[in-house]
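Q: The structure follows.
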Amino acid sequence: MSAPLSLHLAAPQQPVAPLADPPSLLERSPKWLICVPLTLQWLWLGLRYKSFTLPSAANPAITAGGLVGEGKLEYFNSMGPLALSSTADFCAVSTHCPPLASALLRIMHRAGLQFPVVAKPDLGLCGYGVRLMRHMDDLQAYLAAFPVNEVVVLQRYLPQPGEAGIFYHREPDAAHGQLMGLALRYFPQVIGDGKQCLGALIDADPRAQRVKSTPQHAGTFDRARVPALGEVVRLATIGSTRVGGLYRDGAVHITDALTTAIDAIARDMPHFHFGRFDVRFDSLSELEAGRGFTIMEVNGAGSEAIQAWDPATGLANAFRMIFQKQRLAFATGHAMRQKGIRPISVLALARLNYRQNRLTAAYPPSN
C-alpha cells in the first residue's frame, strides 16, 4: 500500500487544515436536482441569445470554447513564454502503445520531470483518473489500465500547501480582464488525536467519509495507522468534493496585484476570455501579492463557479453565483459571435459530451 500523504499544520496564512464543516445542502443534493434550475436558466439564455451553445464561442482557440470535450494540452500549448513560466512542468504520453520504462524516463527528462509526478487524463474533469505516481511501476500500471489511443498528461507534483481556483473574465474588446471569483480548495484530511486509527477518524467525519474507495477512487492510506496528536493526514491527491474536499469562497483575497498577474498570464494565451485557473500557492499573503503560485490546469467556458460549494454560502447565494457565471458565459459568447466566431452546433457539442462521459467512466481510479 502506498504511503499516505501526511501534512503538518501550517502557518495561519496557509489554508491546510480548516475546521471540517459537514457537507452543505448543495453538496448533498443529487446532481440531477442541482441541474434542473441551471438547465432552465441555460434554456432561457439560449432562447434570448438564439443559440443554446453560445458559450462555446467565448474562447475560439479551444475546442468548444472549453465548454466540454477539450484537452488540458490545448490550454498549455496555447501559452506564450510568460504563461508557461507560471505553469507546472508537463509532458504528454500516448496510450496507443505505452512506452517502455526507458522511453518514459527520456520523455520525462526532456520535460524536466522526475518522480513523484501527477498523471492525469488530457480530457478529464473533477479529478477523475488523476493519480500521484511515486515510482515507474505505478506509472506503467496506470498507462496499461488507461483507455487505448488516448493521451495522458504527466505533471510535476506541486508540494505547495494551498490550492485555489481563480475565475477570470475579459471582454473581447477590453485591454485587460478582471477576476470574477476565487475559491480556496482544501484536500480531504483528518487530524490525529494520538489514539484513534485513520479508519475511525474517517468514519467519524461526515466529509472525510466520502474518500472511501469506489470504482472511481482508490484510497492509498492505511486505515489501521494511528496518526500522532495534531498530525494532519491528507487522504487524497485531489481536492474534489466527491472525495471529501472542501471549497471556500476566497473572494476577499482578490487584490489588484493578483488580478494584474492573472490578467498578464491570460493575455499570453491568444483569444482566451473566460475561464478558471487552478493553482497551487505558497501562502495567502503571497497569492494576494500576485506571486508564489503555480498553474496546474486551465478550464474554459465550462468551468464551474466552485466557490458556490462553500458550506458557509446559503443555497440562494450559491445558485446566484452559478447563474451569474452562466449569464457571463453567454454574454461573452455573444460578443465573440458579433466578431464572426460561430458557436459549435448542438449535435457536435452532444458528441463531445458523450465522448467525455464515456472516457471518464473508463479511467483508472483517482487516488
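Q: Add -39500 (n - 2.57) for each DSSP H run of 4 or more in the chain, then divide by its residues: what number comes out at 222 nm, to the nearest 500 deg cm²/dmol?
A: Working: 11 runs with 116 residues, N = 367.
So the helix-based figure for the chain works out to -9500 deg cm²/dmol.
Q: Shifting gears a bit: Cross-link list LYS72/LYS212; LYS120/LYS195; LYS31/LYS72: which exceed 32 angstrom alpha carbon to alpha carbon? Each step should come with its number before you reach the end.
A: Working: LYS72/LYS212 27 Å; LYS120/LYS195 36 Å; LYS31/LYS72 24 Å.
Result: LYS120/LYS195 exceed 32 Å.
Q: For an R0 of 22 angstrom, estimate the FRET efficiency from the Cβ-Cβ distance between LYS339 and LEU47 and round to the nearest 0.05. The partial results should precede the final answer.
A: On the way: r = 22 Å, r/R0 = 1.01.
Efficiency at R0 = 22 Å is approximately 0.50.
Q: At ALA350 and ALA224, where each label point lies 7 Å from the Cα along Cα→Cβ, what is the point-to-point distance in nanometres?
A: With each label point 7 Å from Cα toward Cβ, the separation is 5.3 nm.
Q: Using the Kyte-Doolittle scale, which helices in the chain average at least -0.5 and also have C-alpha atoms spread 30 Å or more along the helix axis, with helices defined as whole DSSP H runs?
A: Working: long enough: 315-337 (33 Å, 0.05).
Length and hydropathy pass: 315-337.
Q: Using Cβ counts within 10 Å as a stand-in for footprinting exposure, how do SER102, SER366 rank, fewest first?
A: Working: SER102 9, SER366 24.
So the residues, fewest neighbours to most, are SER102, SER366.
Q: Further question: Could you calculate, for the chain, the ratio of the Cα radius of gyration to the Kirkwood radius, expressed as Rg to Rh? Let's see the in-between values first.
A: Working: Rg = 20.2 Å, Rh = 21.3 Å.
Ratio value, two decimals: 0.95.
Q: Over all directions, the average projected area of the alpha-carbon convex hull for the range 289-367 comes to how many nm²?
A: On the way: hull surface 36.3 nm².
With every direction weighted equally, the projected area is 9.1 nm².
Q: Now a separate question. Could you calculate the contour length gain from ALA175 to GLN209, that is, 0.36 nm times the residue separation minus the distance between their Cα atoms, to one decimal place in nm? If you can, show how the numbers build up before the last one.
A: Numbers: separation 34, 0.36 × 34 = 12.24 nm, distance 4.63 nm.
Length gained between ALA175 and GLN209: 7.6 nm.
Q: What is the range 173-256 by shape, rounded, prolate or oblate, if you read a ≥ b ≥ c off the alpha carbon gyration tensor as root eigenvalues and call it rounded for a/c under 1.5, prolate for a/b larger than b/c, and oblate otherwise? The partial results should precede the final answer.
A: Details: a/c = 3.68, a/b = 2.22, b/c = 1.66.
Prolate shape, in that a/c is at least 1.5 and a/b is the bigger ratio.
Q: Per the Kirkwood treatment, what hydrodynamic radius in Å, one decimal, follows for the range 89-157 from the mean inverse distance over all distinct Cα pairs?
A: On the way: mean 1/r = 0.0851 Å⁻¹.
Kirkwood hydrodynamic radius for the range 89-157: 11.8 Å.
Q: Just rank ARG106, ARG280, fewest to most, by other beta-carbon atoms within 10 angstrom. Please list the in-between numbers first.
A: Working: ARG106 12, ARG280 20.
Listing ARG106, ARG280 from fewest to most nearby Cβ atoms yields ARG106, ARG280.
Q: By per-residue mean of other Cβ atoms within 10 Å, what is the highest-first order of 347-353, 289-295, 237-243?
A: Values: 347-353: 14.9, 289-295: 18.0, 237-243: 22.1.
Put in order of decreasing packing, that is 237-243, 289-295, 347-353.
Q: Rank the residues CYS97, CYS35 as a footprinting-exposure proxy: fewest other Cβ atoms within 10 Å of their Cβ go first.
A: Working: CYS97 8, CYS35 12.
The most exposed by this proxy come first: CYS97, CYS35.
Q: With Cβ to Cβ distances under 11 Å as the rule, what net charge do the other residues near GLY302 carry (K, R +1; D, E -1)?
A: On the way: positive: ARG276, LYS325; negative: GLU70, GLU304.
Taking every Cβ under 11 Å from that of GLY302, the sum is 0.
Q: Then there is this: Packing-wise, with mean Cβ within 10 Å as the measure, how do 145-155, 122-132, 301-311 rank, highest first? Don't jump to the answer; show the numbers that get you there.
A: Values: 145-155: 17.8, 122-132: 21.4, 301-311: 23.0.
With the highest mean Cβ count within 10 Å placed first, the list reads 301-311, 122-132, 145-155.
Q: Binning at 10 angstrom from zero up to the longest distance, how are the C-alpha pair distances of the range 196-315 distributed in percent?
A: Going out from 0 Å in 10 Å bins, the range 196-315 shows 11, 33, 31, 20, 5, 0 percent.
Q: Below 14 angstrom from the Cβ of GLY177, what's the summed charge of the other residues (Lys, Arg +1; Asp, Glu -1)?
A: Values: positive: ARG170, ARG267, ARG276; negative: GLU171, ASP173, ASP256, ASP263, ASP268.
Once positives and negatives cancel, what remains is -2.
No value in this document is a laboratory result; all are computed from the given coordinates. Because the structure is predicted, anything quoted here is derived from the model rather than measured. When we count neighbours, we look across all protein chains shown, and the Cβ atoms used for this are built from the backbone with ideal geometry, even at glycine.
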